[in-house]
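Comments concern the structure below.
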Amino acid sequence: MAYLIQQILEISANNYPDKEAVIYKNKSITYQELDQLSNQFARFLNDAGIGKGDRVGICLNKSIEAVATIYGILKAGATYVPIDPLAPIKRLRFLIADCELKALVTTQTKLTSLYQDAVDNFSQYLQCVILEDKSTLGNESESFPTKVVTWEEVLRSPDTPLSLTGVIDQDLATIIYTSGSTGQPKGVMISHQAALTSINCLCEGFNVQPSDRVSGLFPIYFIGSFFDIFMPIKAGATLVLVPPELSVLPVELSKFTENQRITIWSSVSSLLTQLVLRGNLDKYKLPDLRIIIFGGEIFPQKYLRDMMKAIPQASYYQLYGSTEAFPRTYYLLDQSSPELPKIPIGKAFNNIDLFVVNEKNQIVNPGESGELCMRGSSLMKGYWKMPEKTKEALVPYVFNPHLGEEIVFRTGDIVQQDIDDNYIYVGRSDHQIKSRGYRIELGEIESILYSHPDVEEAVVLAIPDEQISNRIDAIVVIKEGSNLKQNELQYFCAERIPKYMIPENIEFRSTSLPKTPTGKSDRNLLRTAAIENNSKVLKTV
């Protein structure tokens, strides 16, 4: 039985050595080969003095090598830190310094950008950079203050297992950064125990079998990647990594899913919406799909209805969770689900306890709204270097004092239970929203906007959108005499935050924003006006 994540690969490699473990484009790797390749990476890290307790960054697009790298880091006893390869260099530098990365796996292009300036901010931490896309190094690598090696050097390491001692299930497996309300991302610390609990929930909840072929649609820096990197490996199934470019080509994505005989699909809801609208499902019937899992945002019921008609043989599940506690609930839909006023987020997975409390921290009755709280072994350990934030999210479990120091997670989600004990999502207790499947703190975007020298006030709004759940708009007040334009401010944001967080529309004002009686910007008034204006625009189109 596995108690560390990397053991699920070792067990499956022993049970299915010659079976395809991961497929990407025209390449594939068997379980035995994946196990050996990850052993080589673990030994390389060990020889470089990197091991228990160290953090290793992975700034790569998904690939077979990326999957092997993650398991190799875990086999070395270290913690993997996935980083968006499209993130601005300033954000990458922040993560390197904040997490004190000992090593970084990336590409030549990203490395060149990284070392253009401000080297001293992170060179004190990095001991080694591994280039996944280079077989030889040019002369320019000699000028880098950190040792740079190629993937070929990794492949020269022995492929025998590394003897690992002193690592327990409470040690960190990964730190996944999410949007933060202070203007800086938050590092969510996930232990081996929490990750394994999540993986077991997914495998058991969806009855994943060795015969399954699982779509790999999530980037590795997203908590949904647990579906891709770990769930199929635990089950002895085959992971089929979906090329990122297909996510914006619905017809090609449908064709790929049918040709690759995908049996389990998991993605954000907006991607399924695009399949319904533009995926030509009349032609591509996707006959092998037996399970479709969606979440991260609302799946408009009219599109869900169309998908269930187009792919009637599949079972449909809505999944609910967050990086801090993934997953939490799931709901199996039936033919009447698209007609419900709101599709439930469902009931808790096994080994997870959920309850709802009001503002007085009292458990509410069914039908009453309150904040959802969770207890269980899949909880995060806290936020990296943010003890105060951790104390706000992880609080003592006061309803059974005999359990001692047990903690619960305050999700910030407002829910209520229906007559069947399913949870219904009502909203958020803060300004955090979801767009295109990403959980986003509007406060982080506002902080970036405020950092521009010409911006005096800023409010970021979530505008409902059927296809992506929420569109991000902003209203800013600029300094008198400023000629700041929308594209200039969007470019300013692009250097500091990921693309999915950049406001799509920015309204410029020269007078102060309306305020509530307490002196805060009147967000409700601004949002209502923006939604009404958007509705008028749509009617004239």
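The table below gives the values:
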{"item": "Qualifying residue in region 436-454 (condition: in a strand (DSSP E or B) and surrounded by fewer than 13 Cβ atoms within 10 Å (Cβ to Cβ))", "result": "no"}
{"item": "Number of the exception - VAL398 against (1) outside any loop (DSSP other than H, G, I, E, B); (2) of a type in the set (A, V, I, L, M); (3) more than 23 Å from SER267 (Cβ to Cβ)", "result": "(1)"}
{"item": "Count - residues of region 121-162 that are small (Gly, Ala, Ser) and either at pLDDT 90 or above or not assigned by TED's automatic domain parsing to the domain that holds ASN46 (or both)", "result": "1"}
{"item": "Among residues of region 487-530, those that are among the polar types (S, T, N, Q), closer than 21 Å to LYS434 by Cα and either in a helix (DSSP H, G or I) or at pLDDT below 85 (or both), counted", "result": "3"}
{"item": "Residue that is farthest from ASN361 (Cα to Cα) [pool: residues in region 391-424 that are surrounded by 18 or more Cβ atoms within 10 Å (Cβ to Cβ) and of a type in the set (Val, Ile, Thr)]", "result": "ILE424"}
{"item": "Identity of the residue in region 155-178, in a loop (DSSP other than H, G, I, E, B) and among the β-branched types (Val, Ile, Thr), that ends up surrounded by the fewest Cβ atoms within 10 Å (Cβ to Cβ)", "result": "THR165"}
{"item": "Qualifying residue in region 411-432 (condition: in contact (Cβ under 8 Å) with a residue 12 or more places away in the chain, in contact with a Cys (Cβ under 9 Å, 6 or more places away or on another chain) and either over 28 Å from SER469 (Cβ atoms) or of a type in the set (Gly, Ala, Ser) (or both))", "result": "no"}
{"item": "Considering residues of region 54-96 that are more than 16 Å from the chain's Cα centre (by Cα) and basic (Lys, Arg) only, the residue farthest from GLY187 (Cα to Cα)", "result": "LYS75"}
{"item": "Cross-chain or 6+ apart pairs with Cβ under 6 Å, region 210-222 first and part of a strand (DSSP E or B), then not aliphatic (A, V, I, L, M)", "result": "ARG213/THR238; ARG213/ARG261; ARG213/THR263; VAL214/PRO232; SER215/TRP265; GLY216/ASP228"}
{"item": "Single condition VAL67 does not satisfy, out of (1) part of a helix (DSSP H, G or I); (2) within 24 Å of GLN124 (Cα to Cα); (3) touching a strand residue (DSSP E or B) at 6+ places or on another chain (Cβ under 7 Å)", "result": "(2)"}
{"item": "Residue in region 475-495 that is surrounded by 12 or more Cβ atoms within 10 Å (Cβ to Cβ), out of contact with any helix residue (DSSP H, G or I) (no Cβ under 9 Å at 6 or more places or on another chain) and among the aromatic types (Phe, Trp, Tyr) present", "result": "no"}
{"item": "Considering residues of region 498-516 that are touching a strand residue (DSSP E or B) at 6+ places or on another chain (Cβ under 6 Å) and in contact (Cβ under 8 Å) with a residue 60 or more places away in the chain only, the residue nearest to ALA462 (Cα to Cα)", "result": "MET501"}
{"item": "Candidate set: region 476-486, residues that are in contact (Cβ under 8 Å) with a residue 24 or more places away in the chain and outside any loop (DSSP other than H, G, I, E, B); chosen: the one nearest to SER179 (Cα to Cα)", "result": "VAL476"}
{"item": "From LEU275, LEU340, residue being surrounded by 23 or more Cβ atoms within 10 Å (Cβ to Cβ) and touching a residue at least 24 places away in the same chain (Cβ under 8 Å)", "result": "LEU275"}
{"item": "Those helices (runs of 4 or more DSSP H) lying entirely in region 250-364 with at least 3 residues modelled with pLDDT of 95 or more and farther than 27 Å from ALA194 by Cβ", "result": "250-259, 301-310"}
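The values are calculated or read from the model by the stated rules, or taken from the named source; none is laboratory data. Everything numeric here is computed off the predicted structure, so don't read it as measured data. Methodologically, a virtual Cβ is constructed for each residue, glycine included, from the backbone with ideal geometry; neighbour enumeration extends over all protein chains shown.
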